[in-house]
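Just below is one structure, and these are the notes that go with it.
The values are calculated or read from the model by the stated rules, or taken from the named source; none is laboratory data. Because the structure is a prediction, the values reported are computed rather than measured. Every residue, glycine among them, receives a Cβ derived from its backbone with ideal geometry; neighbour counts consider all protein chains shown.
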Amino acid sequence: MPSREEVASAARALIRRAFKGSLATLDAKTGVPYASLVTLATDAAGSPTLLISNLARHTGNLAKDPRASIMVDETGALADPLQGARVTIYGRVERTADEGVRRRFLARHPEAAFYAEFPDFAFFRLAVEGAHYIGGFGRIFELTPGELLLDLNQAASLIEAEQEIIEHMNEEHADAIELYATALAEGEPGHWRMTGIDPEGADIALDGAARRILFAEPVMTPAEARKELVRLAIEARAGRQ
């Protein structure tokens, strides 16, 4: 059996890779659980974030009762989906004007920029209270917010520089990002782009597919991030030889 830290790391990575999930709210009229498909991103700490319309049924449900859960999984390619990993994160969904949430969501879902400015759309974040993770048969764990979310207290300079780092990597080092994907994360060749960076790793995406590139050690500053990104590129190239 994996350790709790290994399980928590797997759950965090699963959430970070998710482009979509099932949002469960309590129906405002009937009180019956109501599940809907939503697109997802994460904030820097790892909380799931949403861009949803006030006209949507689930948004009306949240206005009455913010309690909700989001399930993400990577079981679609398995003959027996119940053998695959999935996680249900629960808590309260709250509207947010955090510019970092907006930036990270649109970096992950650039097509959403078309309607992000519509007056009936807003960004929301799940204030995580816990999670239920299943990593396959018999691997069932309850996880706490402390196990799911990163502590950003020492990483203010990194978070402030995130947009600059991402733009630099995408514009100047697209070859390195593709190398991360193909040599370190079993991704297909293509124009991968970086969508987020945090103390634990970097998120990259290509046509609705995502990979999580983990750092060897937590990085807290832009200088530490640069050093680790260079190290990963060297590691990836060495693995190709």
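Got a sec? Which of Ser47, Ser36 is small (Gly, Ala, Ser), surrounded by 21 or more Cβ atoms within 10 Å (Cβ to Cβ) and not assigned by TED's automatic domain parsing to the domain that holds Asp203?
Result: Ser47 is the single residue among Ser47, Ser36 that is small (Gly, Ala, Ser), surrounded by 21 or more Cβ atoms within 10 Å (Cβ to Cβ) and not assigned by TED's automatic domain parsing to the domain that holds Asp203.
Being out of contact with any His (no Cβ under 9 Å at 6 or more places or on another chain), farther than 19 Å from Asn54 by Cα and polar (S, T, N, Q) narrows it down to one of Thr96, Thr75, so name that one.
Result: Thr75 is the single residue among Thr96, Thr75 that is out of contact with any His (no Cβ under 9 Å at 6 or more places or on another chain), farther than 19 Å from Asn54 by Cα and polar (S, T, N, Q).
Can you go through Thr59, Thr49 and tell me which one is assigned to a helix (DSSP H, G or I) and either touching a Phe, Trp or Tyr at 6+ places or on another chain (Cβ under 7 Å) or at pLDDT 95 or above (or both)?
Step by step, each of Thr59, Thr49 is checked, and only Thr59 is assigned to a helix (DSSP H, G or I) and either touching a Phe, Trp or Tyr at 6+ places or on another chain (Cβ under 7 Å) or at pLDDT 95 or above (or both).
Might you check whether a residue that is assigned to a strand (DSSP E or B), at negative phi and surrounded by 16 or more Cβ atoms within 10 Å (Cβ to Cβ) occurs anywhere in segment 96-118?
Scanning segment 96-118, I find no residue that is assigned to a strand (DSSP E or B), at negative phi and surrounded by 16 or more Cβ atoms within 10 Å (Cβ to Cβ), so the answer is no.
So which strands (runs of 3 or more DSSP E) stay within segment 138-241 end to end and still have 3 or more residues that are surrounded by 14 or more Cβ atoms within 10 Å (Cβ to Cβ)?
193-197, 201-206, 209-214
Of all residues in segment 190-225, count the ones that are over 20 Å from Arg102 (Cα atoms) and β-branched (Val, Ile, Thr).
3
Would you confirm, using the coordinates I've provided, whether Leu78 is surrounded by fewer than 17 Cβ atoms within 10 Å (Cβ to Cβ) and in the same structural domain as Ala131 (by TED's automatic domain parsing)?
So Leu78 fits the description; yes.
Tell me, yes or no, whether segment 22-32 has at least one residue that is assigned by TED's automatic domain parsing to the domain that holds Thr96, crowded, with 17+ Cβ neighbours inside 10 Å and under 28 Å from Ala156 (Cβ atoms).
Within segment 22-32, none of the residues are assigned by TED's automatic domain parsing to the domain that holds Thr96, crowded, with 17+ Cβ neighbours inside 10 Å and under 28 Å from Ala156 (Cβ atoms).
Give the number of residues within segment 26-49 that are touching a residue at least 60 places away in the same chain (Cβ under 8 Å) and more than 22 Å from Glu200 (Cβ to Cβ).
1
Mind checking which pairs have a first residue in segment 1-21 that is on the phi < 0 side of the Ramachandran plot and a second that is buried (at least 21 other Cβ atoms within 10 Å of the Cβ) and among the basic types (Lys, Arg), Cβ under 7 Å, 6 or more apart or different chains?
Arg17/Arg211
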